[in-house]
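Participant: The structure's right below; bear with me while I get my questions together.
The values are calculated or read from the model by the stated rules, or taken from the named source; none is laboratory data. Owing to the predicted nature of the structure, the values given are computational and were not obtained by experimental measurement. Here the Cβ positions follow ideal geometry from the backbone for every residue, glycine too, while neighbour counts run over all protein chains shown. Just so you know, the surface numbers come from the protein's heavy atoms only, side chains and all, with ligands and any DNA or RNA stripped out. Shrake-Rupley method; radii C 1.70, N 1.55, O 1.52, S 1.80 Å.
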Amino acid sequence: MGRKNFRQKLENERKKSIIKKIIKKLLLLFFIIGIGFLLVSQTYSLTRPLLEKEIVNFSKEFLMIKELSIVGASEFADREIRSFVNPMIEINPNIFTFPSENVKLFLSTRPYLENACIRKEIPKRLVIEVKEKKPVAILLDTELKLLDENGEVIRPMATGENIDVPVISVADNP
């Protein structure tokens with residue numbers, strides 16, 4: 001019986017020794033993780049103002065719309081599109097969050113446009129390409145209006161605009 005107790009005691013001592021080693025290793029691991037966490041949090045708190053400043057500078061330099069280019073538009077269309085889009089740029093100048101769907105909807109309601117396309121060019125540029133309907137006649141009613149090939153009114157004729165197309169007048173019959 002003495003040998004059994006001795007072996008059992010030895011086995012218990014060996015198990016306790018292994019458990020102590022595991023506990024020491026776990027404590028060391030937690031200590032290293034804690035130190036790592038402190039280092040990362042301190043580094044972040046020290047570099048955060050610099051990072052925020054650089055992010056803002058990057059955003060201003062590359063992501064803010066600074067130029068609006070309207071391609072293929074007459075003076076009338078250019079003026080009307082700019083008057084709609086410029087206030088939107090002032091409210092939301094970020095090229096990624098700019099609501100181009102609202103501009104597309106606006107452009108789709110313009111009777112003088114055949115089609116339009118919006119492109120965001122990084123850095124700083126919003127491009128609107130339009131193709132206007134071609135006027136084929138001028139309607140003389142209470143004011144001069146440009147007509148397309150389907151006889152639909154495209155837009156009012158601008159003062160000083162010179163277009164060489166037939167004029168159709170609407171006469172009042174008594």
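Participant: Accessible area per residue for region 1-58 in Å², computed with a 1.4 Å probe and the full protein assembly in place, what is it?
Facilitator: Heavy-atom SASA per residue in region 1-58 reads 103 Å².
Participant: Which angle from 0 to 90°, rounded to the nearest 10, does the C-alpha axis of helix 75-91 make with the longest principal axis of the chain?
Facilitator: 30
Participant: Go through K104/K124; K66/K104; K66/K131 and tell me which ones have a Cα-Cα distance over 22 Å in this structure.
Facilitator: Numbers: K104/K124 19 Å; K66/K104 20 Å; K66/K131 24 Å.
With Cα atoms farther than 22 Å apart: K66/K131.
Participant: Follow-up question, since we're still on this one. Report, to two decimal places, the Cα Rg of region 41-174 normalised by 2.2 N^0.38 Å (N = number of residues). Kindly include the intermediate steps, with their values, before the conclusion.
Facilitator: Working: Rg = 22.1 Å, N = 134, 2.2 N^0.38 = 14.1 Å.
Here the Cα radius of gyration is 1.56 times the empirical estimate.
Participant: Now, a different point. May I ask what percent, to the nearest 5, of DSSP beta bridges between residues of region 1-133 are antiparallel? Present the calculation step by step, with values, prior to reporting the outcome.
Facilitator: Details: 9 of 14 bridges.
Close to 65 percent.
Participant: Please give me, ordered by residue number, the trypsin sites (Lys or Arg not before Pro) of region 38-67 that lie in loop per DSSP and have at most 16 other Cβ atoms within 10 Å. Working shown, then result.
Facilitator: Working: sites: K53, K60, K66; in loops: K66.
Taking region 38-67 and a limit of 16 other Cβ atoms within 10 Å, the loop trypsin sites (Lys or Arg not before Pro) found are K66.
Participant: Mind checking the per residue accessible area of region 96-174 for me, 1.4 Å probe, whole number of Å²?
Facilitator: Working: 5200 Å² over 79 residues.
Heavy-atom accessible area per residue stands at 66 Å².
Participant: In straight Cα distance, which lysines are under 25 Å from K20, not counting same-chain residues fewer than 8 positions off?
Facilitator: K4, K9
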